[in-house]
Structures are given as structure tokens and as C-alpha cells.
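S.K.: Let me give you the structure first, and then I'll get to my questions.
The values are calculated or read from the model by the stated rules, or taken from the named source; none is laboratory data. The structure displayed is predicted, hence computed values, not measured ones. Every residue, glycine as well, gets a Cβ built from its backbone with ideal geometry; the counts of neighbours run over all protein chains shown.
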Amino acid sequence: MRVLIVEDQAKMAALLRSGFQKHGVVADVTSRGEDALWMAGSTRFDVLILDVMLPGIDGFETCRRLRADGVGSPILMLTARDGIGDRVAGLNEGADDYLTKPFSFAELLARVRALARRPPVQRPTMLRVDDLRLDPAGRRVWRGKTELALSAKELLLLEAFMTRPDEVLSRLDLLESAWDQAYDNRSNVVDAYIRRLREKVDRPFGRRSLETVRGSGYRLRAHA
């Protein structure tokens with residue numbers, strides 16, 4: 001088994017590395033989230049142990065970027081923070097487990113072994129259309145390097161378009177993608193939400209990717 005320890009406290013990192021090595025676990029160490037990104041992208045680790053309080057990008061952002069980059073290895077967040085909000089934040093960013101300091105190494109080792117035994121998880125891929133990127137798991141979207149603030153319904157509609165770029169989607173197709181079956185499909189709610197999407201996804205960037213196809217519906221152009 002091989003783990004990556006991302007911990008900026010040198011003494012703690014050395015103790016963890018030594019402890020894992022004594023139990024036959026190969027342990028690589030880095031003190032920065034930025035380094036963890038390229039290390040995890042170039043080497044397959046069975047488990048990533050990620051401290052929250054890091055210099056540069058913190059553990060939450062590191063976890064978010066790892067998942068956005070398609071790194072599927074289990075992630076255990078390791079931190080002195082023990083608030084419920086922090087635990088929820090870590091799990092929402094894609095972490096698989098959470099352990100607060102102080103902790104016993106025996107418990108950490110047991111949790112790491114349990115994570116390593118899990119079958120590989122097929123995580124949702126990042127959707128990309130031109131310079132639009134949407135992370136279905138994290139419910140986040142970017143136009144180029146700019147993250148967009150979309151509502152839940154707007155995200156669902158955009159996801160429907162991005163899974164079928166250059167296809168014309170009818171109002172009924174879009175209603176079925178973002179609303180439950182009880183919704184009145186005669187409503188013009190789709191048109192209102194398309195206008196909102198254009199105001200956030202297209203107009204600030206001088207783009208016209210969301211097209212109206214008269215009499216048929218709407219289409220997201222792959223190159224606009």
C-alpha cells in the first residue's frame with residue numbers, strides 16, 4: 001500500500017511517515033497542497049492523507065482540485081478543526097473520511113486500511129464544452145478560469161446541455177432534467193431560466209453559446 005501525506009508540520013509528518021513504514025506502508029510526504037496536486041496526478045496512491053491547515057491552498061481547496069482533476073484515490077482529511085461545519089465542508093469537497101487531532105496512530109492506520117480496501121469508486125467526470133467546465137459531484141461550474149454562481153436549477157439545466165452539446169433540447173427535455181414529474185410542463189419557466197443562464201454564462205463573457213432554435217427548443221453550441 002502507498003499513501004501520500006500532505007502535512008506542513010514537519011514533526012507530525014515525520015512521525016506519520018515512520019509509523020506507516022513500520023507497518024509496511026510506503027509513505028510519501030509533502031507540505032503543500034500545490035505539490036500534492038502534481039504528485040497525485042503522476043503517481044497512484046491508495047490513500048491520500050490531507051491536512052486542512054496548509055500554506056498556500058488549504059486542504060479543502062486541495063481536495064476540491066484533486067477531484068476536479070479526476071483523482072479518485074480515497075482522501076482522509078486530517079486536522080485540528082473538529083466543528084461539524086468543517087467536517088461537512090471536507091466531505092462535500094470530495095473527502096471520504098475525516099479524523100481530528102489529537103488522534104491515535106492505531107486509529108489512523110485502521111481508517112487508512114479500511115479506505116484502501118474499498119473498491120474503486122467511479123466518480124463523475126468533469127463535463128467540458130469549449131471553455132465551460134462543470135463538476136457534477138461538486139456542483140460547480142467555470143467559464144474559463146472564472147467560477148460562476150448558479151442556482152441548483154440553473155446547474156441542472158446547464159448539465160443537461162453539457163451532456164448533449166450541439167443537440168437541440170425541447171422545453172420538455174429540459175423540464176424533465178431539472179423538475180420533478182409533478183411540475184406543470186405547460187409553464188414557460190424554462191424560458192425564464194434560460195434567460196438567467198445567458199446572463200451568467202454568456203453575456204459577461206461576450207458569448208452566445210446558448211441558442212434558441214425557433215419552434216424546437218434550445219441548444220448549447222460547442223464552439224461559440
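S.K.: Checking Leu91 against (1) buried (at least 16 other Cβ atoms within 10 Å of the Cβ); (2) outside any loop (DSSP other than H, G, I, E, B): exactly one of these is not met. Which one?
M.R.: Of the numbered conditions (1) buried (at least 16 other Cβ atoms within 10 Å of the Cβ); (2) outside any loop (DSSP other than H, G, I, E, B), the odd one out for Leu91 is (1).
S.K.: Within the group Phe45, Phe105, which residue is over 24 Å from Arg139 (Cβ atoms), among the aromatic types (Phe, Trp, Tyr) and touching a residue at least 60 places away in the same chain (Cβ under 8 Å)?
M.R.: Details: Phe45 fails: touching a residue at least 60 places away in the same chain (Cβ under 8 Å).
Result: Phe105 is the single residue among Phe45, Phe105 that is over 24 Å from Arg139 (Cβ atoms), among the aromatic types (Phe, Trp, Tyr) and touching a residue at least 60 places away in the same chain (Cβ under 8 Å).
S.K.: I would also like to ask the following. Output the residues belonging to region 133-184 that are of a type in the set (S, T, N, Q), at pLDDT below 85 and either surrounded by 13 or more Cβ atoms within 10 Å (Cβ to Cβ) or not in a loop (DSSP other than H, G, I, E, B) (or both). Working first, answer last.
M.R.: Our first condition is that a residue be of a type in the set (S, T, N, Q); within region 133-184, this holds for 146, 151, 163, 170, 177, 181.
Add one more test, that the residue is at pLDDT below 85, and what stays is 177, 181.
Correct list: Ser177 only.
S.K.: Name the single residue that is nearest to the chain's Cα centre (by Cα) among those in region 40-66 being of a type in the set (Asp, Glu) and assigned to a loop (DSSP other than H, G, I, E, B). So that I can check it myself, show each step before the final result.
M.R.: Step one: of region 40-66, the residues of a type in the set (Asp, Glu) are 46, 51, 58, 61.
Then drop every residue that is not assigned to a loop (DSSP other than H, G, I, E, B), which leaves 46, 58.
Details: Asp46: 19, Asp58: 15 Å.
The extreme case among them is Asp58.
S.K.: Can you say whether Leu99 is more than 28 Å from Arg140 (Cβ to Cβ) and out of contact with any Pro (no Cβ under 6 Å at 6 or more places or on another chain), as far as the supplied structure shows?
M.R.: Numbers: more than 28 Å from Arg140 (Cβ to Cβ): no; out of contact with any Pro (no Cβ under 6 Å at 6 or more places or on another chain): yes.
No: the conditions fail for Leu99.
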